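J.: Questions regarding the structure given below will be posed in turn.
Just so it is clear, none of the values below were taken in a lab; they were calculated from the coordinates. Being a predicted model, the structure only gives us computed values, none of them experimental.
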Ligand SMILES: [Zn+2]
């Protein structure tokens, strides 16, 4: 939904007088929403108010060409390596930073597509991978990241600086039991506007032949996946158990949620997280509705002397 300049300006005016917490309360919005307002303000050149220092979370998706091979038939083919006529390469990539409105993408020119030359688009993708702290994508760990690395190394590009990953496909598999974990299917389950029509193999073949229109369509299709992935990530986030700790990236003077970075958390009085030998306080985040725990024990030092523990073997 497009936010009006008036709404943004009103939020900015409040931000110049009050703390973020007070502004959120006055506006009756969430931390995420205020961050989005600030991002939109920056995009529209309306503000010099700095963002809350969150890690740079980049949502990414790539499209690559198929590997081409000479085949003897259509069914049950075992493709010999000698039959490969052309290796796959990257056609396009797209991405955006979490909550930002700006979308980034790149696609091969018709000439680059014909030559299978993806060095330029790999370099533009590399800038974001090098810049981000956390990379989000559907099948990121087993597909996008490995494909990107393959084309980086082939093009003689050095590795980007380290980043952590959030793979929404792995998250779906680990934490839920959906009938299918495909992006399109999951989006439908969450009522998120899903993938656009990818145009089938015909579009990929056209791209490889350097069809300018097909390449632009590919980029457009690629960009739509990013919006869907961001929504899916947000919907699943409270349930994702192995999530990078955002609090580590922030300048924390007070307690903050490890998943969304919000200081708006409530420590629960009667609920604890237990390991085999320890007990920790648990919080509920009022922004992203995740739960996390304290790193300090909730056991009194005197009491802890009397705690027995299991025998490992
Ligand atoms: Zn949170």
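J.: In whole angstrom, how far apart do the alpha carbon centroids of segment 124-163 and segment 229-286 sit?
T.: Here the two parts' Cα centres lie 27 Å apart.
J.: Give the percent of DSSP beta bridges with both residues in the chain that are antiparallel, rounded to the nearest 5.
T.: 75
J.: Hey, another quick one. Which angle between 0 and 90 degrees, to the nearest 10, do you get for helix 31-43 versus the longest principal axis of the chain when only C-alpha atoms count?
T.: Its long axis makes an angle of about 50 degrees.
J.: Rank 204, 93, 267 by mean-square fluctuation in a GNM of the chain with C-alpha springs under 10 angstrom and give only the top-ranked residue.
T.: Taking springs between Cα atoms under 10 Å, the residue moving most is 267.
J.: Here's something else I'd like to know. Please tell me the relative contact order of segment 1-155 in percent, rounded to the nearest whole number, where contacts are Cα pairs under 8 Å and at least six residues apart. Numbers along the way, then the final one.
T.: On the way: 181 pairs, mean separation 33.6, N = 155.
Computed over segment 1-155, the figure is 22 percent.
J.: Hey, another quick one. Using only Cα atoms, find the angle between the long axis of helix 119-131 and the longest principal axis of the chain, and express it within 0 to 90 degrees, rounded to the nearest 10.
T.: Helix 119-131 and the main axis of the chain meet at about 0 degrees.
J.: If one puts a single equal scatterer on every Cα of segment 250-304 and applies the Debye formula without solvent, what log₁₀ I(q)/I(0) results at q = 0.14, 0.15, 0.27 Å⁻¹?
T.: -0.39, -0.45, -1.05
J.: Taking only Cα atoms and a 10 Å spring cutoff, compute GNM fluctuations for the chain and point out the largest among 285, 257, 15.
T.: The residue with the greatest mean-square fluctuation here is 15.
J.: Using the Cα atoms of segment 90-189, I'd like the radius of gyration and the largest Cα-Cα distance, Dmax, both in angstrom.
T.: Computed over the Cα atoms of segment 90-189, radius of gyration and Dmax are 15.0, 44 Å.
J.: Here is a follow-up. If contacts are Cα pairs under 8 angstrom and at least 6 residues apart, what is the relative contact order of the chain in percent?
T.: RCO, the chain: 15 percent.
J.: Let me ask something else. Compare 37, 221, 273 in a GNM of the chain, Cα atoms joined below 10 Å, and give the one with the largest fluctuation.
T.: 273
J.: Report, for segment 83-241, the % of DSSP beta bridges that are antiparallel, rounded to 5.
T.: Values: 5 of 9 bridges.
Around 55 percent of the beta bridges assigned by DSSP in segment 83-241 are antiparallel ones.
J.: Could you state the angle between the C-alpha long axis of helix 145-154 and the longest principal axis of the C-alpha atoms of the chain, as a value from 0 to 90 degrees rounded to the nearest 10?
T.: The helix 145-154 is inclined about 50 degrees to the chain.
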